[in-house]
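Here is the structure we will look at, set down as structure tokens.
Only the coordinates and a few stated rules stand behind these numbers; no lab work does. Keep in mind it's a predicted model, so treat the numbers as computed, not measured. Note that we place each Cβ from the backbone using ideal geometry, even for glycine, and neighbour counts take in every protein chain shown.
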Amino acid sequence: MRSEISIRCEYTSPRIAVGVLMAVSPDNKDAPRDTKIEMRAEGCALLVNIASDADLPSFLRTVDDLLLCLQAAEKAADGVS
């Protein structure tokens, strides 16, 4: 079964969107091989697409892990902006 999700995170500046993207991108290299994560900054937004052929629990763990990484990067960005 294929699972997909799109996530849009809005920030106050393009600089923060790019910073969060750069902070989280290295973590995506450890994604399961049957999961594809695409991320890009577009203006003040960070766009994330995840598609996976893995079982649903594995897909949900990947999404949860990415959301936790985004949250940590956002908190760090708040501290330097």
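Dividing the summed -39500 (n - 2.57) terms of all DSSP H runs of n ≥ 4 by the residue count of the chain sets its mean residue ellipticity at 222 nm at -15000 deg cm²/dmol.
Across all directions, the average projected area of the convex hull around the alpha carbons of the chain is 4.7 nm². In this Cβ point-charge picture (+1 for Lys and Arg, -1 for Asp and Glu), the chain has a dipole of about 180 debye about its Cα centre. Our summary gives the chain a relative contact order of 39 percent, counting only alpha carbon pairs under 8 angstrom and 6 or more residues apart.
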